[in-house]
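The values are calculated or read from the model by the stated rules, or taken from the named source; none is laboratory data. Here the structure is a predicted model, which means the values were calculated and not measured. Here the Cβ positions follow ideal geometry from the backbone for every residue, glycine too, while neighbour counts run over all protein chains shown.
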Amino acid sequence: MPADAGRASVLTANSVSRETAERLDIFVAQLRRWQTVKNLVGPATLNEVWTRHVADALQLMAMAPEAIRWLDLGSGAGIPGLLLAIAGRERPGFQVNLVESNARKCAFLIETARLTEAPATVHNARIEDIIATRTGTEIVCARALAPLTQLLAWVEPLLKTGTVALFPKGRDVQSELTEAAQRWKFVYDLLPSRTDSDARIVRVTALSRVDS
């Protein structure tokens with residue numbers, strides 16, 4: 001499969017400007033370069049970066065088009081957080097905070113954010129230590145990080161202040177929702193994924209503990 005497979009269709013579908021496309025190209029090049037020394041993404045997905053990763057991130061922007069203050073938990077390879085920062089760079093005040101506990105992955109995020117001039121701040125810290133300081137966050141997101149029950153535990157302080165959560169989930173989303181309901185009362189809806197017919201994005205707008 002060509003290394004840029006799907007690039008044109010992803011850029012067109014998301015109405016990406018030429019300048020933003022060039023910065024996304026830098027991200028993809030950096031991902032491939034760093035992948036040789038740090039396993040940032042599944043090797044099998046490396047030739048599907050555009051359709052598997054870039055498109056997956058950009059669809060979140062379309063689900064919260066007015067939001068400019070984002071928080072990405074467990075950022076890893078910058079998917080979706082750093083990609084969102086690149087895509088939102090042309091919007092006044094756009095900012096993404098990236099939380100990642102792995103120092104080597106943070107090095108990738110910092111360097112790639114610098115090269116793309118993305119409005120992203122990298123926090124080499126534990127999620128629990130950052131959440132309380134992120135008041136004013138409009139959207140919190142996390143991809144392939146933890147089960148929904150754990151994600152809700154992390155974001156509870158934010159959702160109580162009006163933040164909305166967007167969590168991409170795979171085909172096991174219903175079982176995760178069932179498990180989470182044993183501990184949490186939450187208002188949510190399931191949004192279809194543009195990149196996987198079996199996947200859904202869980203959008204959570206209110207949250208409280210079952211025993212509260």
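List of remarks:
- The condition (being under 16 Å from Ala67 (Cα atoms), among the basic types (Lys, Arg) and surrounded by 14 or more Cβ atoms within 10 Å (Cβ to Cβ)) is satisfied by just one residue among Arg91, Arg143: Arg91.
- Residue check for Thr121: closer than 26 Å to Leu31 by Cβ, part of a helix (DSSP H, G or I) and out of contact with any Asp or Glu (no Cβ under 9 Å at 6 or more places or on another chain): no
- In the set Arg91, Arg114, only one residue is at pLDDT 95 or above and over 10 Å from the mean Cα position of the chain (by Cα); that residue is Arg114.
- Note on the stretch 138-155: residues that are at pLDDT 95 or above and either touching a Leu at 6+ places or on another chain (Cβ under 7 Å) or not in a loop (DSSP other than H, G, I, E, B) (or both) total 12.
Residues checked against (1) among the basic types (Lys, Arg); (2) touching a Cys at 6+ places or on another chain (Cβ under 6 Å); (3) modelled with pLDDT of 95 or more; (4) more than 19 Å from Gly81 (Cα to Cα):
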site	(1), (2), (3), (4)
Asp4	no, no, no, yes
Ala8	no, no, no, yes
Val16	no, no, no, no
Glu22	no, no, yes, no
Ile26	no, no, yes, no
Leu31	no, no, no, no
Val37	no, no, no, yes
Leu40	no, no, no, no
